1. Could you go through region 132-139 and let me know if any residue there is crowded, with 16+ Cβ neighbours inside 10 Å, in contact (Cβ under 8 Å) with a residue 12 or more places away in the chain and under 14 Å from the mean Cα position of the chain (by Cα).
2. Whether any residue in region 14-30 is at pLDDT 75 or above, loosely packed, with under 14 Cβ neighbours inside 10 Å and among the aliphatic types (A, V, I, L, M) is what I want to check.
3. Residues of region 174-188 being at pLDDT 80 or above and surrounded by fewer than 19 Cβ atoms within 10 Å (Cβ to Cβ), which ones?
4. Check Gly106, Gly80 and return the single one that is surrounded by 15 or more Cβ atoms within 10 Å (Cβ to Cβ) and assigned by TED's automatic domain parsing to the domain that holds Glu121.
5. Considering only region 80-107, state which residues are assigned to a helix (DSSP H, G or I) and either at positive phi or touching an Asp or Glu at 6+ places or on another chain (Cβ under 6 Å) (or both).
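The values are calculated or read from the model by the stated rules, or taken from the named source; none is laboratory data. Please read these numbers as outputs of a predicted model, since none were measured by experiment. Positions of Cβ are generated from backbone atoms using ideal geometry, with glycine treated the same way; all protein chains shown enter the neighbour counts.
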Amino acid sequence: MRPFPSPSSSSSIHLFISIFMILIISSIISITSSEKPYQDANNTQFIRTSCNSTNYPRLCFASLSKHAGFIQTSPVLLTGTALNVTLASAKATSAMMSTLSKSLHGRLKPREAAALRDCVEQLSDSVDELRKSIGEMSELRESNFELTMNDVQTWVSAALTDESTCSDGFEGASMNGNVKNTVRSRIVLVAQLTSNALAFISQLASSHA
């Protein structure tokens, strides 16, 4: 009959297995990703450099770097992706605001209820404007470049105005702190993404001026 390993022996075996598994996992990661950084380096650097010209470069890179393989080094794809990322955030925030408005119905001060109701409407408008801008981008051609980019710029500027108006409605000490913080943090994020997308639109428009 084989003796049971002593506690110190068991610890050594456990340590060995742990180290062995770490080495295996590290090897797998090394094998599967050894070429990817070289393949994506130019794409990622393009995004980083482009984001440096926006008002919120860190947010810009964090939101777009995961799409580097799709964007590659195309300003048009960069702009389109930024718009789609912004739309996704705006839609999620709009849905959240709508749910919040319904769940707090009758529990807010008149001013708070009005600000939240207005915000839901303004975000809905922002979502529609971002959708229209993406629709315009899909029609972008060399022959209609200037006209299309003007339309896109108009829609996205309007979306940013609606988001800012929503955020402004929650200023003031009389507003419910939890509601104000929840709303403003989400709206600020959407507005910053919109601002970054607008910066790319301006750059793209200028490149063909």
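1. Among the residues of region 132-139, not one is crowded, with 16+ Cβ neighbours inside 10 Å, in contact (Cβ under 8 Å) with a residue 12 or more places away in the chain and under 14 Å from the mean Cα position of the chain (by Cα), which makes the answer no.
2. no
3. Matches in region 174-188: Ser185, Val188.
4. Gly80
5. Matches in region 80-107: none.
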